[in-house]
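Working notes, structure below.
Just so it is clear, none of the values below were taken in a lab; they were calculated from the coordinates. Remember, it's a predicted structure, so these values are computed and weren't measured experimentally. Cβ: placed from backbone, ideal geometry, glycine included. Neighbour counts: every protein chain shown.
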Amino acid sequence: MRASTRRPRAGRSSSRARARRSSRIRTTGSSAGSSRGRSCSSSTTRTRRWRPTAACSTIPRRRRRWARGRESASSTSTRTRTARGSCSSSSASAWGRARVPERRLAIVPARNEEEAVGRVVAELKAFDPGLDVVVIDDGSEDLTATVAREAGAAVVSLPFNLGIGGAVQTGFKYALARGYETVIRLDGDGQHDPQQIPNLLAPLERGEADVVVGSRFAAGAGEYRAPFARRAGIRWFAHIVSLLTRQKLTDTTSGFQAVNAQAIRLFAADYPHDYPEVEAAVMVVRHRLRIMEVPATMRGRETGRSSITLLRSVYYAIKVTLALLIGIFRRRVVPLEEA
């Protein structure tokens, strides 16, 4: 019998064996990758045995070291920025606690006060060298503007006499345009003592009031001597304003005042004309701002003469009383956002 010359199909069987071994390796790698949290998606298609490492096995070791170096550098720079205060809330609060000094302005309305205004400005500068002073020259016919400028004050000269209300409002507009946060108002005749300014500023600094008035009749103010007609007018206005504002006020005609930024915006937008302090007190309360009185001593006039006579006192008393009563119903309340 002739022997068969056909060779066994070793190649087919060997290829099948290799396929089975390859499938077992893939299955083993897939199960190992899933048990390790599937940190690398390419581990299920690799034909070599999976080896656990700190990072994905497909990332070269040098690149892993480079990535770890960038992470450490990023954390270091973050700590540096935090230490410098760019991201730290504690440092931000520290910046918030560091208060910037407020800009303060003294407004001095004056008309024909060349003999007194220079001394007023000099006293203000001696009291606080950093205090800015502006003199509102209300159409003076003498050298009021020149004397005030030589004493070191800024001067705003009005082309004609606007009255005390127009002059004071000009000062508030001046303060608002230049960003002042506190305004001290005092007369140009020298009757207000700058040494009492801290008493006016104290309630503003404590946040207790928006307008502080130096009262000549408050407890501790001392004795104030004035003609009978003037004293009667002051008390009449104080009684009327106290009824309208439901707040006890003793001196609503005082021109010695200190106001904060809210009141500056209000008075720059709307301010009365004749006897402005009386109507201004009512305006403050109507705009829900707070007004407070502190005792203040008034010095006697050394030069010049007061423009308020008996006839003018009666005229102003009638006029301002009617203005107060009518203004309650007709005067438009200017919102502080518009001021």
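Apply the Karplus parameterisation 6.51 cos²θ - 1.76 cosθ + 1.60, with θ equal to phi minus 60°, to every residue of segment 128-142 and state each ³J(HN,Hα) to the nearest whole Hz, in sequence, with x for glycine and proline.
9, x, x, 7, 7, 10, 10, 9, 9, 7, 8, x, 5, 9, 10
Counting other beta carbons within 10 Å of each Cβ, put Val134, Val285 in order, fewest first.
Val285, Val134
From the backbone phi of segment 214-221, what are the Karplus-calculated ³J(HN,Hα) couplings (6.51 cos²θ - 1.76 cosθ + 1.60, θ = phi - 60°) in whole Hz, Gly and Pro given as x?
For segment 214-221, the Karplus-derived couplings read x, 8, 7, 10, 6, 4, x, 7 Hz, x marking Gly and Pro.
Spelling out what I want: for every residue of segment 259-269, take phi, set θ = phi - 60°, compute 6.51 cos²θ - 1.76 cosθ + 1.60 (Karplus), and round to whole Hz; glycine and proline get x.
Each residue's phi maps through the Karplus curve to give 9, 9, 5, 5, 5, 4, 5, 5, 6, 5, 8 Hz.
What are the residues whose amide H is under 5 Å from the amide H of Ser157, where those residues sit 5 or more places off or on another chain and H is modelled from the backbone?
Distant-sequence amide H within range of Ser157: Asp137.
Taking amide H atoms as placed 1.01 Å from N in the peptide plane, list the residues 5 or more away in sequence, or in a different chain, whose amide H sits under 5 Å from that of Val133.
Correct list: Ala106, Ala154.
In straight Cα distance, which aspartates and glutamates are under 14 Å from Lys173, not counting same-chain residues fewer than 8 positions off?
By straight Cα distance, Lys173 reaches Glu181, Asp270, Glu338.
Which shape class, rounded, prolate or oblate, goes with segment 127-192 when its Cα gyration tensor gives a ≥ b ≥ c as root eigenvalues, a/c under 1.5 marks rounded, and past that a/b bigger than b/c marks prolate?
oblate
Taking the number of other C-beta atoms within 10 Å as the exposure measure, put Val284, Val211 in order starting with the fewest.
Val284, Val211
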